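S.K.: Dumping the structure here so I can ask a few things about it.
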Amino acid sequence: MNQNSSIRMQVLCALFAAVTAVCSQITIPIQPVPITLGTFAVLMAGGFLGKRYGFLAIAIYLLLGMAGVPVFSMMRGGISVLAGPGGGFIVGFAPMAFLVGLVVEKLGYSFKNMFIATVCGTAICYIMGLAWFMFLTGTGIWASLVMCMFPFLPGDFAKMVLASFLVNKYHKKLVGEY
């Protein structure tokens, strides 16, 4: 990777951290975990930036939030948000971006491959989020699925389709070959 391409990826990293912060504010405030557009930004970060830079972009977002910058949904920030019922989902953003990036780097950037990547990434986010929610609240698996997964499935499916389409269509234009 040449210096210009490295700088480009660093700028895109910062951009996707900011896009994730903005998208996380687009919220349907249901309880116990709000529905946000943040996961869409995470899918895009992994798809466009790959495993390394996608993970880094989301790690920057998480570090900003942990430092108290109000980047999490509903303009919240701080460690207490991650310690709450939705914290596992938010922390799951980093492996989600990494896994999406890993899969598309291995399989290619076709719509089908990107969709497979988004399904894998979303699954890891659900696993981490549900595990944390169950640990924190003592709620059983079925009740946790009903509260924290089933309401999200239609929207997440739409996010996966749209992210797959956009990455497939615009990856080379935005990132080029790196």
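The values are calculated or read from the model by the stated rules, or taken from the named source; none is laboratory data. Computed from a predicted model, the values in this text were never measured in an experiment. All Cβ positions, glycine included, derive from the backbone under ideal geometry; neighbour counts span all protein chains shown.
S.K.: Could you look through the stretch 26-56, keep only residues that are in contact with a helix residue (DSSP H, G or I) (Cβ under 7 Å, 6 or more places away or on another chain) and polar (S, T, N, Q), and pick out the one that is surrounded by the fewest Cβ atoms within 10 Å (Cβ to Cβ)?
M.R.: Among those residues, the one meeting the criterion is Thr27.
S.K.: In addition: Scan the stretch 96-124 residue by residue and report those that are of a type in the set (Ser, Thr, Tyr) and within 9 Å of Gly47 (Cα to Cα).
M.R.: Applying the first criterion (of a type in the set (Ser, Thr, Tyr)) to the stretch 96-124 yields 109-110, 118, 122.
Residues satisfying the conditions are Tyr109, Thr118.
S.K.: Moving to a separate point now. Which one is farthest from Gly47 (Cα to Cα), of the residues in the stretch 157-178 that are at pLDDT 95 or above and among the aliphatic types (A, V, I, L, M)?
M.R.: Here the residue is Ala158.
S.K.: I've got another one for you. Residues being touching a strand residue (DSSP E or B) at 6+ places or on another chain (Cβ under 9 Å) and not in a helix (DSSP H, G or I): count how many of those fall in the stretch 13-36.
M.R.: Qualifying residue count, the stretch 13-36: 9.
S.K.: Does the stretch 1-24 include one or more residues that are within 20 Å of Tyr126 (Cα to Cα) and aromatic (Phe, Trp, Tyr)?
M.R.: Kept after step one, since they are within 20 Å of Tyr126 (Cα to Cα), are these residues of the stretch 1-24: 20-21, 23-24.
Still in the running and aromatic (Phe, Trp, Tyr): none.
The answer is no; no qualifying residue exists.
S.K.: If the requirement is being of a type in the set (A, V, I, L, M) and either in contact with a helix residue (DSSP H, G or I) (Cβ under 6 Å, 6 or more places away or on another chain) or surrounded by 18 or more Cβ atoms within 10 Å (Cβ to Cβ) (or both), which of these qualifies: Val161, Val103? So that I can check it myself, show each step before the final result.
M.R.: Values: Val161 fails: either in contact with a helix residue (DSSP H, G or I) (Cβ under 6 Å, 6 or more places away or on another chain) or surrounded by 18 or more Cβ atoms within 10 Å (Cβ to Cβ) (or both).
Testing whether each residue is of a type in the set (A, V, I, L, M) and either in contact with a helix residue (DSSP H, G or I) (Cβ under 6 Å, 6 or more places away or on another chain) or surrounded by 18 or more Cβ atoms within 10 Å (Cβ to Cβ) (or both) leaves just Val103.
S.K.: Oh, and also: Pairs, please: C-beta under 8 Å, at least 6 apart or cross-chain, first residue among the hydrophobic types (A, V, I, L, M, F, W, C) and in the stretch 69-81, second in a loop (DSSP other than H, G, I, E, B) and modelled with pLDDT under 95?
M.R.: Met74/Pro29; Met74/Pro34
Listed here are the residues, each with its yes/no results for (1) more than 16 Å from the chain's Cα centre (by Cα); (2) among the β-branched types (Val, Ile, Thr).
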residue: Ala117; (1), (2): no, no
residue: Gly121; (1), (2): no, no
residue: Cys125; (1), (2): no, no
residue: Phe135; (1), (2): yes, no
residue: Ser144; (1), (2): yes, no
residue: Pro154; (1), (2): yes, no
residue: Ser164; (1), (2): no, no
residue: Val167; (1), (2): no, yes
residue: Lys173; (1), (2): yes, no
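S.K.: Something else about it: Among the listed residues Met160, Met147, which satisfies the condition of being over 18 Å from Gln31 (Cβ atoms), touching a residue at least 12 places away in the same chain (Cβ under 8 Å) and assigned to a helix (DSSP H, G or I)? Show your work before the answer.
M.R.: Working: Met147 fails: over 18 Å from Gln31 (Cβ atoms).
Exactly one of Met160, Met147 is over 18 Å from Gln31 (Cβ atoms), touching a residue at least 12 places away in the same chain (Cβ under 8 Å) and assigned to a helix (DSSP H, G or I), namely Met160.
S.K.: If Thr36 satisfies every condition in (1) among the hydroxyl-bearing types (Ser, Thr, Tyr); (2) more than 30 Å from Leu145 (Cα to Cα); (3) without any contact (Cβ under 8 Å) to a residue 40 or more places away in the chain but one, which is the exception?
M.R.: Just one mismatch for Thr36, condition (2).
S.K.: Please state which of the following conditions Val33 fails to meet, knowing it meets all the rest: (1) modelled with pLDDT of 95 or more; (2) within 21 Å of Cys120 (Cβ to Cβ).
M.R.: Status for Val33: all satisfied but (1).
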